[in-house]
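This report refers to the structure that appears directly beneath it.
The values are calculated or read from the model by the stated rules, or taken from the named source; none is laboratory data. These numbers were taken from a predicted model, which means no experiment stands behind them. A quick note on method: Cβ atoms are made from the backbone with ideal geometry, for glycine too, and the neighbour counts reach across all protein chains shown. Remember, those area values only see protein heavy atoms, side chains included, never the ligands or the DNA or RNA. Shrake-Rupley method; radii C 1.70, N 1.55, O 1.52, S 1.80 Å.
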Protein chains: 2
Amino acid sequence: MEAELKGLLSDLQSLKDSLPDPSHQISVGKIQARLEHLKLGNAQRSKIKDMSAEVVDSNPYSRLMALQRMGIVDNYERIREFSVAIVGIGGVGSVAAEMLTRCGIGRLLLYDYDKVELANMNRLFFRPEQVGMTKTDAAVQTLSDINPDVVLESYTLNITTVQGFEIFMSSLKNKSFRPDKEGTGVDLVLSCVDNYEARMVVNQGCNELNQTWMESGVSENAVSGHIQLLVPGETACFACAPPLVVASGVDERTLKREGVCAASLPTTMGVVAGLLVQNTLKYLLKFGNVTPYLGYNALKDYFPTMEMKPNPQCSNAACLERQKEYILAKPARDAAARAKMEAEAFVEPECLHADNEWNISVVDDSDVQDSSASSGALPEGLVHELPSADEFQKPPASAETTATPIDDLEDLRKQLEALNAA
Amino acid sequence: MEAELKGLLSDLQSLKDSLPDPSHQISVGKIQARLEHLKLGNAQRSKIKDMSAEVVDSNPYSRLMALQRMGIVDNYERIREFSVAIVGIGGVGSVAAEMLTRCGIGRLLLYDYDKVELANMNRLFFRPEQVGMTKTDAAVQTLSDINPDVVLESYTLNITTVQGFEIFMSSLKNKSFRPDKEGTGVDLVLSCVDNYEARMVVNQGCNELNQTWMESGVSENAVSGHIQLLVPGETACFACAPPLVVASGVDERTLKREGVCAASLPTTMGVVAGLLVQNTLKYLLKFGNVTPYLGYNALKDYFPTMEMKPNPQCSNAACLERQKEYILAKPARDAAARAKMEAEAFVEPECLHADNEWNISVVDDSDVQDSSASSGALPEGLVHELPSADEFQKPPASAETTATPIDDLEDLRKQLEALNAA
């Protein structure tokens, strides 16, 4: 749009220059001015170098930086360092991309091969005027308008083709955005696809690259969905406990019938995208607990959770490799955890007030009956609506929290043997 | 935008008509054609008379009508009969409005007095180019582009002022959209405001009008939220168990500090809006269970639910009136429920096959051991990810399901006395 308006304006200028009659030139000038106004009306905001916490109406980041003052996040601005890849820019992926863009994520990599259709209009994000555009182009158009600070990379390709998969893998490995980063060039991959074949491909790629990713999905009847965290070697991969249709080797495309489509709702997809990006933020910015698996049953407002261990008989060779590495690294992990715990235990408490002219002394806790119950008490008849935020200020979820504890060397040996036998 | 482009086009035509040189006329003609193309690019889709279930890319309702084929909703197209009022078009209200618009709701009434700012860009919906517009105008612009079938009414006013409240009430009472509708002119009011004063005003209005509404909210630290169903007389109203700041009579505006703002996240607000509109759809289209109260704790992915009975000592006089009516109507409700149950019990089972040439007879259930367990069984090692949708195909939540059962006349008498004493 902007480019077209620019082109029109320069053509109007050429026209004006070529007109002999000054009154005609004035007419063209007026039209130019109004077009210029139209262009300005659609102008993007300029880029912002540093995120500011200043509370003014013109600061798009004030409500996000407030997360620091509220004690939720230690350093919100770190979000600019992170790269997130989103595979599938449909009902869930497009909303996830918009949320991350509005949060000021550093870089987004978008993968889709599909085009926008009117039939997509029952979900959020795409607009009727974008019908016919590729989803990646339409997404870049909308997202760059919303937040020009985000680096957007779009890949209009099908990752399940040989060539598509190669480009997918090399784009994940590219570290030009943050050359010092360990591992791949992205911090997280979000799978927002609508079929098992594509999920298995994301799973394959992430297992090969040892790349943590999150999976999401919505049921065909539109009233349930889920998100899942997958850490290669540590949690079950998508092939460890495959869905029946994958395990049975049936081509899922043969299950689709002419003239029949899946139902979808903007509500379910919006909730799943929200839960997915919320867990993405918790994972990247290290606050709260990242949920290993979270289901959403819309008919009952029921949200089941669970954890899944890797399968030592997994059919995916790269998964078995990652499992071996994870087990072999256990002694080192344990030693590091022990060292950290000991270091924390021996920290000398800081002396706040060296002098004590009022002779204030601390009362022994054991003397105070029920102090914990009374300190947080509310006036009679009032109750806390939700558990207070303080109750959840636990240390950020680390790799260890979702791991299965391995109790002794014998266990460890057995697990390795099982993997080697597979 | 469209009107401006039209104006420009007609001015270009006048200019062309006044130019003596044909080559200049051709230049202007080319510019006209490109402007025309720009205008078409922004053109809305035309209105659609009937919702079709046809599976074609050009049908914006195919994925919604599929809810019928999937057995989730009996009659999706009924959504066109409903009117929903949304008070507060901010981070939750705007997304709720977009979801309902994409679902093809009949009519939306939007209330807000605020303007769009860059500081709102960390939540979904509004775009930077809309900065400076009223939120109602910006919302109408976006929503009418997305779905021209929805009737949009916008009210740029503050419902907490005397005049604003009067317009609010008369707009809810206006039945011109569906003159035959019982009660008010709207089916549901969604409160998406960010302060207690406005919530108390919505509560007052809905109690006076005996209008069912849903309340929503997000915490100042952006990591928790809730939705709540309020049926006057039947469930607790907002004044039945008021928040501490309301009960204590403190003016909440005095609690706000200069240079300090609440945190907000597009994720939390998107999830709350999604849960709110999902429950709105369940309430209007009678599927699943409408949850009386649902909390969302983002740090833990914890979703508490509860039910709240009305308070016979509620400070709101209109609430006490509705409570009295609800208790007095109990015998009639009971009789109706009994009659319905009896009618269903005595339905003669339809005879599917009068002839029985193969002498097929039904095996007595008691002879079949564990038939229920085996019929839904999966191959060994596989489990259902979520409870199947069939397990939730219960009759739609009616007014009775969330009501407190009153066991005898003595109880009823006591409750009425308590209300009269208040």
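What gaps in nm, shortest first, separate B:Glu81 from its twins in the other copies when you place the label 7 Å past Cα toward the beta carbon?
The projected label point of B:Glu81 is separated from its counterparts by 5.8 nm.
For B:Ser224, what residues show an amide H to amide H distance below 5 Å, using hydrogens built from the backbone and excluding near sequence neighbours?
The list, which skips near neighbours in sequence, is B:Ser219, B:Ala298.
So what are the ³J(HN,Hα) numbers for the stretch A:317-322, from phi and the Karplus equation (6.51, -1.76, 1.60; θ = phi - 60°), rounded to whole Hz, Gly and Pro as x?
After applying 6.51 cos²θ - 1.76 cosθ + 1.60, I find 4, 5, 4, 4, 4, 5 Hz.
Just to be sure I understand the model, the point goes 7 Å from the Cα along the line to the Cβ. What's the resulting A:Asp114 to B:Asp11 distance in nm?
So the label points at A:Asp114 and B:Asp11 sit 4.2 nm apart.
Please find the FRET efficiency linking B:Ile167 to B:Asn75, where r is the Cβ-Cβ separation and R0 is fixed at 51 Å, and quote it to the nearest 0.05. Each step should come with its number before you reach the end.
Working: r = 33 Å, r/R0 = 0.65.
Efficiency for this residue pair is about 0.95.
For labels at B:Ser144 and B:Glu252 in the simple 7 Å Cα→Cβ model, what's the distance in nm?
Each label point lies 7 Å from its Cα, and together they span 3.2 nm.
For a distance above 33 Å, tell me the whole-number percent of Cα pairs in the stretch B:62-332 that qualify. Mind showing how you got there, number by number?
Working: 6483 of 36585 pairs.
The answer is 18 percent, as a whole percent.
Set the Förster distance to 45 Å, then compute FRET efficiency between A:Val56 and B:Arg34 from the Cβ-Cβ distance, nearest 0.05.
E between A:Val56 and B:Arg34, to the nearest 0.05, is 0.70.
For the pair A:Asp334 and B:Lys330, what calculated FRET efficiency results from E = 1/(1 + (r/R0)^6), where r is the Cβ-Cβ distance and R0 = 56 Å, to the nearest 0.05?
Numbers: r = 64 Å, r/R0 = 1.14.
Plugging the Cβ-Cβ distance into 1/(1 + (r/R0)^6) gives 0.30.
Please report the accessible area of B:Met200 (heavy atoms, 1.4 Å probe, ligands and nucleic acids excluded) in Å², nearest 10.
For B:Met200, the solvent-accessible surface is approximately 60 Å².
Residues with amide H under 5 Å of A:Tyr293's amide H, sequence separation 5 or more or different chain, H placed in the peptide plane at 1.01 Å from N; which?
Hits under the 5 Å cutoff: A:Leu229, A:Met306.
How many nanometers, to one decimal and shortest first, lie between the label point of A:Ser315 and those of its other copies, if labels sit 7 Å from Cα toward Cβ?
Shortest to longest, the spacings are 6.5 nm.
Using only atoms on other chains, find how many Cβ atoms lie within 10 Å of each Cβ of peptide B:62-75 and report the average.
Working: counts 8, 13, 7, 3, 9, 6, 1, 4, 8, 2, 7, 3, 0, 0.
That average works out to 5.
What's the average, rounded to a whole number, of partner chain beta-carbon atoms within 10 Å of each residue's beta-carbon in B:123-131?
Numbers: counts 4, 10, 3, 1, 5, 9, 8, 1, 4.
Going residue by residue through B:123-131 and averaging, the value is 5.
May I ask you to list the residues of the stretch B:93-134 whose amide nitrogen lies under 18 Å from a point 7 Å from Cα along the Cα→beta-carbon direction of A:Lys47?
none
Would you please give the residues with an amide H less than 5 Å from that of B:Leu190, counting only those at least 5 places away or on a separate chain, with H modeled from the backbone geometry?
The list, which skips near neighbours in sequence, is B:Ala85, B:Ile86, B:Val87, B:Met214.
Measuring label to label, 7 Å along Cα→Cβ, what does B:Leu412 give against each other copy in nm, shortest first?
Nearest first, the other copies' label points are 7.2 nm away.
Hey, what did the stretch B:62-332 get for relative contact order, percent, Cα under 8 Å, at least 6 apart? Write down the numbers at each step before the final one.
Values: 480 pairs, mean separation 51.5, N = 271.
Relative contact order, the stretch B:62-332: 19 percent.
First select every other residue whose beta carbon is under 13 angstrom from the beta carbon of A:Glu98; then total the charges, Lys and Arg +1, Asp and Glu -1.
On the way: positive: A:Arg102, A:Arg123, A:Arg127, A:Lys135, B:Arg123, B:Arg127; negative: A:Asp145, B:Glu98.
Neighbourhood net charge equals +4.
What is the average number of partner chain Cβ atoms found within 10 Å of a Cβ in B:241-254?
Working: counts 4, 1, 2, 4, 0, 0, 3, 1, 0, 0, 0, 0, 0, 0.
For peptide B:241-254, the averaged partner shielding equals 1.
Show me the ranking of peptides A:174-182, B:223-231, B:265-273 by mean Cβ neighbours inside 10 Å, starting with the highest. Provide the component values of the computation, followed by the final result.
On the way: A:174-182: 11.0, B:223-231: 24.4, B:265-273: 29.1.
Ranked from most to least packed, the peptides come out as B:265-273, B:223-231, A:174-182.
In nm, give the distance between the simple-model label positions of A:Ala343 and A:Glu153, each being 7 Å from the Cα along the Cα-to-Cβ direction.
The modelled label-to-label distance comes out at 3.3 nm.
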